[in-house]
Amino acid sequence: MSIDIREMDRSCFELYDKVPMNVEIHSVYTAERAEGGLGGIVFEEKPTEPAVKDLSRYERAVDYEKQFDISNWRFYMAFDGERPVGAMTVAGTTEGLNMLYGRTDACVLWDIRVDDSYKHRGIGKRLMELGIENARSDGYRQMIIECQNNNVTACKFYRRMGAVLSKIDMYAYYLDPEIRDEIMLIWYLDL
């Protein structure tokens with residue numbers, strides 16, 4: 001398999017959005033608070049009813065510019081021949097991007113996706129490595145990554161890439177009844 005990974009520009013957005021962003025759920029990380037949280041939070045991976053969550057309904061590249069100035073963002077795609085099989089967005093310094101908390105020395109892994117039939121072949125790792133390399137050359141010191149407790153595969157991937165879990169918000173999605181029970185996990189990757 002010869003997969004071509006390359007940086008793209010905003011003209012790729014329609015092609016980018018053709019890459020599915022499905023999360024296969026077979027387990028979740030449960031969070032138990034010891035002493036109401038003062039004694040820490042214990043995570044345990046537990047099997048759950050298998051499901052597939054389509055994150056592309058929340059994230060479309062063609063809509064990025066409607067919400068943000070993307071002049072400091074980088075876009076990457078993976079191709080098998082002409083077929084798009086992976087994509088990733090790294091958001092640099094952006095006014096109004098809450099995940100940056102006003103920082104100019106950090107970037108955000110905004111989106112990463114690999115076509116279902118191409119998962120577990122190292123494409124995500126190659127996309128991340130290129131994104132990390134370019135983030136370093138852009139002068140960023142950390143990459144901030146959001147994930148949910150039901151995306152165990154992604155959590156393990158970010159950990160293998162060197163990220164550390166740094167923030168946990170058990171009520172981040174509380175106002176959305178469909179995902180109310182999900183826990184937001186924020187990872188930091190030193191560059």
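A few notes on this one:
- Test result for Ala61, more than 28 Å from Tyr171 (Cα to Cα) and under 14 Å from the mean Cα position of the chain (by Cα): no
- Scan the stretch 1-17 for residues that are surrounded by fewer than 13 Cβ atoms within 10 Å (Cβ to Cβ) and not acidic (Asp, Glu) and the total you get is 4.
- Members of the stretch 162-191 that are of a type in the set (Gly, Ala, Ser) and part of a strand (DSSP E or B): Ser166
- Elements of type strands (runs of 3 or more DSSP E) in the stretch 18-135, at least 3 residues being surrounded by fewer than 13 Cβ atoms within 10 Å (Cβ to Cβ): 41-54
- The residue that is nearest to Leu100 (Cα to Cα), counting only those in the stretch 161-187 that are surrounded by fewer than 13 Cβ atoms within 10 Å (Cβ to Cβ) and among the hydrophobic types (A, V, I, L, M, F, W, C), is Val164.
- Neighbours by Cβ (under 9 Å, 6+ apart or cross-chain): first from the stretch 95-113, among the β-branched types (Val, Ile, Thr); second in a helix (DSSP H, G or I) and surrounded by fewer than 21 Cβ atoms within 10 Å (Cβ to Cβ): Val108/Met99; Val108/Leu100; Ile112/Ala154; Ile112/Phe157
Per-residue answers, yes or no, for (1) touching a helix residue (DSSP H, G or I) at 6+ places or on another chain (Cβ under 7 Å); (2) within 30 Å of Glu82 (Cα to Cα); (3) not acidic (Asp, Glu):
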position: Trp110; (1), (2), (3): no, yes, yes
position: Gly131; (1), (2), (3): no, yes, yes
position: Ala135; (1), (2), (3): no, yes, yes
position: Gln142; (1), (2), (3): no, no, yes
position: Cys147; (1), (2), (3): yes, yes, yes
position: Thr153; (1), (2), (3): no, yes, yes
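- In the stretch 128-148, the residues that are touching a residue at least 40 places away in the same chain (Cβ under 8 Å) reach residues that are part of a helix (DSSP H, G or I) and β-branched (Val, Ile, Thr) with C-beta atoms within less than 9 angstrom, at least six apart or across chains, in these pairs: Met143/Ile132.
A short reminder: the numbers here are calculations on the coordinates, not readings from a lab. Being a predicted model, the structure only gives us computed values, none of them experimental. Positions of Cβ are backbone-derived with ideal geometry, glycine not excepted, and every protein chain shown enters the neighbour counts.
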